[in-house]
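The values are calculated or read from the model by the stated rules, or taken from the named source; none is laboratory data. Note that the structure is predicted; figures quoted are calculated from it, not measured. Cβ: placed from backbone, ideal geometry, glycine included. Neighbour counts: every protein chain shown. For the accessible areas, the whole protein counts, side chains as well, though only heavy atoms, and no ligand, DNA or RNA atoms are used. Shrake-Rupley method; radii C 1.70, N 1.55, O 1.52, S 1.80 Å.
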Amino acid sequence: MLFRSLPLPEYLAEYKNLPAGRIDRKTYNSACETALSEIEKTFGSDLVHRDFNKFYYDINKLADQNIAKAEVDKILRENISQVEGIGIIITKDEILNGNPNDKIIASFQNLTDPYKSPDLIAIPKKYWIFRYPLGTTHGVPYDYDSNVPLIIAHKGSNKNLIDKYYGAVDIAPTIAKILDINIPDFVDGKPLF
């Protein structure tokens, strides 16, 4: 029997008694549209482009009209934070200038580009997802979504369990070692074994 999707939040809520759920898409979209309409009425059109939970600002237009990003952030935060299941609303500046010892900040700092990344991101609460009414997802900064098991099998390998955190940068050097390929000095990762 094949399952189309796993009811992860429902399972967590019912069997683990955790505060989990799915963000209602209509409610979320409505909050985003309300915020974008308010921004347009207050400051003008085409200042913000939305890509679902990511918001990109036209920095040049904001500068030309002397509009602070914080004013746009405020409108988006006020509206989107009202949606059940939204946990964190964070700006690119907060990510880039944030404390690297904060787990969530650190997870985003490694993938945020100062010029190309969204200016504001809405992130679900822990154990909440955007997929509605079915499905699961990836892309939240919580351990259960970012800690993924890796299984490697090759001829002549011994059974070995390594219960330790490694980064994705360690996968290519590990495969190179298995294949007996030299690992260049400029590679960031290290073989797992």
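Of ASN79, LEU134, ILE95, which is farthest on the positive side of the dipole of region 53-193, counting Cα position, with +1 on Lys and Arg Cβ, -1 on Asp and Glu Cβ, and the Cα centre as origin?
LEU134
Using Cα centres only, tell me the gap between region 118-193 and region 32-84 in whole Å.
First find each Cα centre; the distance between them is then 34 Å.
Just how many % of Cα pairs in the chain lie over 20 Å apart, if you round to the nearest whole percent?
66
Using +1 on the beta carbon of Lys and Arg, -1 on that of Asp and Glu, and nothing else charged, what's the dipole of the chain about the Cα centre, debye to 20?
Computed about the Cα centre, the dipole is about 720 debye.
Would you work out the relative contact order for region 1-146, in percent, from Cα pairs under 8 angstrom that are 6 or more residues apart?
So the answer I get is 32 percent.
Given a 1.4 angstrom probe, I'd like the percentage of the accessible area of region 39-193 that is carbon and sulfur, rounded to a whole number.
Of all accessible area on region 39-193, carbon and sulfur atoms account for 51 percent.
If I stretch the segment between ASP185 and TYR166 completely, what's the gain in nm (0.36 nm per residue apart, minus their alpha carbon distance), one decimal?
Once the chain is fully extended between ASP185 and TYR166, it gains 5.0 nm.
LEU96: net charge of surrounding residues, Cβ under 15 Å, Lys/Arg +1, Asp/Glu -1, itself excluded?
Taking every Cβ under 15 Å from that of LEU96, the sum is -3.
Once you put a point 7 Å from the Cα of SER81 and another 7 Å from the Cα of THR136, both along the Cβ direction, what distance in nm separates them?
For the pair SER81/THR136, the computed spacing is 3.1 nm.
Find out how many positive minus negative residues lie around ASN60, taking Lys and Arg as positive, Asp and Glu as negative, among other residues whose Cβ is under 14 Å from that of ASN60.
-2
Sorted by accessible area (1.4 Å probe), largest first, how do VAL72, VAL169, VAL48, VAL148 line up?
Most to least solvent-accessible, the answer reads VAL148, VAL169, VAL48, VAL72.
Using Cα pairs under 8 angstrom and six or more residues apart, how large is the relative contact order of region 123-193, in percent?
21
Hey, can you rank 92-103, 122-133 by average C-beta count inside 10 Å, highest first?
Result, highest mean Cβ count within 10 Å first: 122-133, 92-103.
Within region 1-136, what percent of beta bridges assigned by DSSP are antiparallel, to the nearest 5?
Of the beta bridges lying entirely in region 1-136, close to 85 percent run antiparallel.
Among 153-162, 180-189, what's the highest-first ranking by average C-beta atoms within 10 angstrom per residue?
Averaged packing, sorted descending, gives the order 180-189, 153-162.
Using 0.36 nm per residue, how much length does the chain from GLU94 to SER117 gain when fully extended, once their Cα-Cα distance is taken away?
7.0 nm
Which of the residue pairs LYS26/LYS116; LYS69/LYS116; LYS54/LYS74; LYS126/LYS190 have a Cα-Cα distance greater than 23 Å in the structure shown?
The pairs that break the limit, which is 23 Å between Cα atoms, are LYS26/LYS116; LYS126/LYS190.
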